[in-house]
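Structure first, then comments.
The values are calculated or read from the model by the stated rules, or taken from the named source; none is laboratory data. Every value quoted in this text rests on a predicted model; they were computed, and no experiment measured them. Cβ atoms come from the backbone with ideal geometry, glycine included; neighbour counts cover every protein chain shown. Calculation scope for accessible area: heavy atoms of the full protein, side chains included, ligands and nucleic acids excluded. Shrake-Rupley method; radii C 1.70, N 1.55, O 1.52, S 1.80 Å.
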Amino acid sequence: MRFLVGATVALLTLTLVVHPLLGGGVLWDLGNAIGLLALAGVLTLFAPGQFPRTPRRHQQLANAVLLMLLAHALWFPLTDAASHVYLLPGAPTYMWLGVAGFVVLLVAWQLSLPGSRQRWHASPASFRRWHRRLGMLAIILAAGHITLSGFYLGSPWQAAVFMVLVIAAPLLARSITPRLTDSGAPTVTQTVSVWLLACVAFVALRNLA
Amino acid sequence: MMRAVLLAGVIALVALAVLGSPWPGEHPERARYYDSPEPILPMRFDHPSHATVNCLTCHHEFVDDSGNDTCMSCHVRRPELAAQLEAQFHGLCRDCHVDRNASGDAGGPPRACVACHVIDGKI
């Protein structure tokens, strides 16, 4: 739970550093907040306490993250007709990185289901190794999607700190295990509550201030 | 259950990408506007609402003598400029709105893509 709150606060704070009150409108900011929070969710999936102690919560959080990513992807073409071209050939690189990140997470999710896990992996260790690799790849692709789009990370140092943060967080997560396992993995209710609060804060600050 | 939801979502995403938004309103599509060599989105610039902006902010050709035709005659037709079309015009239009908003002046950022991406024969 603390990891989820920490990742959420860190990611959103970093996007607010340069122009905290500057928004692109409620619809754009809400759609992007959903995407950023989904990334915080992916980072949390790496947090200790998630697995193997509470595999069910890990799976539930993964489901919530995938639904958030789907909502993020559907949001823009549904609310702004012109943005559907960003899902077609000719779209900028950062959009293809986002699509690729989503596909990699879908593959990681599918391969982790009981039937697939035994079919594709020789051992539990092999499964965990490839599951983490796919997760890291998805994080790197998502980080490229966010930084290259430049919507909230306009300055180079912001983008650099963001990249370091999202790549280091899963790698460092295991080294700080003892302090974080106490709080355990977040439940779906806790996750949704944090996301709702963060969404409202992000959108309200940028549009009502 | 989760697999069915994800599958339905991915199908909806593909349908949205190919067919566009189901809601009524402007639905710009990529096409060869302004004689562009590649399909692009249409664009609009509302001159009257920008009357207080210095012309030279956009019209560099007034000082560098680089042409006297419409913006698109160079920016979509010349290959070396066409490749940067999106970056250049997003940088020019959107960033100007963002900067003015950040400095407290009137003119916040454009709220939606379709605010600018509609057909304008004069641009």
* To do: Take peptide B:9-22, look around each residue's Cβ out to 10 angstrom, count Cβ atoms belonging to other protein chains, and average those counts.
  => 5
* Summarise the accessible area of the range B:25-115 (1.4 Å probe, protein heavy atoms) by the percent that is carbon and sulfur. => 55
* Structure fact -> Contact order relative to length for the range B:25-115, counting C-alpha pairs under 8 Å separated by 6 or more residues, stands in percent at 20
* Structure fact -> The answer for B:Ile40, listing residues at least 5 apart or on another chain whose modeled amide H is closer than 5 Å to its amide H, is B:Ala31, B:Arg32, B:Tyr33
* Asked: Okay, helix-only estimate at 222 nm for chain A: each DSSP H run of n ≥ 4 adds -39500 (n - 2.57), divide by all residues, round to 500 deg cm²/dmol; what do you get?
  -> -25500 deg cm²/dmol
* Structure fact -> Between the modelled labels at B:Thr57 and B:Asp35 (7 Å from Cα along Cα→Cβ) the distance in nm is 3.0
* Compare A:Ala173, A:Ala91, A:Ala159 in a GNM of chain A, Cα atoms joined below 10 Å, and give the one with the largest fluctuation. => A:Ala91
* Once the whole set of protein chains is in place, how much accessible area is left on B:Glu80, using a 1.4 Å probe, in Å² to the nearest 10? -> 100
* Shielding of B:39-51 by partners, i.e. mean partner chain Cβ atoms within 10 Å per residue? -> 1
* Under the Karplus relation 6.51 cos²θ - 1.76 cosθ + 1.60, θ = phi - 60°, what is the ordered set of whole-Hz ³J(HN,Hα) values for the range A:62-73, x standing for Gly and Pro? -> 4, 4, 5, 5, 5, 5, 5, 5, 5, 4, 4, 5
* So, counting K/R as plus one and D/E as minus one, what does the shell of residues with Cβ under 12 Å around A:Thr187 add up to? -> +2
* To do: Take the eigenvalues of the Cα gyration tensor for the protein assembly as shown, scale each by 5, and report the square roots as semi-axes in whole Å, largest first.
  => 41, 22, 17
* With all protein chains modelled, accessible area of B:Cys74 [1.4 Å, Å²] -> 30
* **List B:Glu61, B:Glu29, ordered by accessible area with a 1.4 Å probe, largest first** => B:Glu29, B:Glu61
* If a/c stays under 1.5 just call it rounded; otherwise compare a/b with b/c (prolate if a/b is bigger, oblate if not). Do that for the range B:25-115, with a ≥ b ≥ c from the square roots of the Cα gyration tensor eigenvalues. => oblate
* Order of exposure, largest accessible area first, which applies to A:His84, B:His27, A:His58 with probe 1.4 Å -> B:His27, A:His58, A:His84
* Structure fact -> Taking a crude spin-label model, label points 7 Å out from Cα along the C-beta direction, the B:Met2 to A:Arg133 distance in nm is 2.3
* Structure fact -> Note to self: with every protein chain in place and a 1.4 Å probe, chain A gives an accessible area per residue in Å² of 46
* Let me have the 222 nm mean residue ellipticity of chain B computed from DSSP H runs of 4+ only, each contributing -39500 (n - 2.57), with the sum over all residues rounded to the nearest 500. => -9000 deg cm²/dmol
* Asked: How crowded by other chains is A:83-90, given as the mean number of beta carbons from other chains within 10 Å of each beta carbon?
  -> 6
* Out of B:Ala17, B:Ala87, B:Ala112, any idea which swings most in a Gaussian network model of chain B, alpha carbons joined below 10 Å? -> B:Ala17
* Structure fact -> Rounded to one decimal in nm, the spacing of the 7 Å Cα→Cβ label points at B:Gln84 and B:Cys96 is 1.7
* Structure fact -> Nearest-0.05 FRET efficiency for A:Gln110 and B:Leu19 at R0 = 22 Å, using Cβ-Cβ distance, is 0.25
* Asked: Taking only C-alpha pairs under 8 Å that are 6+ residues apart, what is the relative contact order of chain A in percent?
  -> 40
* Asked: Build a GNM of chain A with springs between Cα atoms under 10 Å: which of A:Ala100, A:Ala160, A:Ala198 gets the top mean-square fluctuation?
  -> A:Ala160
* Highest-first arrangement of B:1-8, A:185-192, where packing means the average Cβ count within 10 Å -> A:185-192, B:1-8
* Structure fact -> In chain A the accessible area split gives carbon plus sulfur, as whole percent at 1.4 Å, a share of 71
* Structure fact -> Once accessible area is computed for B alone, A alone and the pair with a 1.4 Å probe, the total buried surface, to the nearest 100 Å², works out to 2600
* To do: Heads up, I need the accessible area for A:Leu67: 1.4 angstrom probe, whole protein in place, Å², nearest 10.
  => 70
* Relative contact order [Cα under 8 Å, 6+ residues apart], the range B:1-68, whole percent -> 13
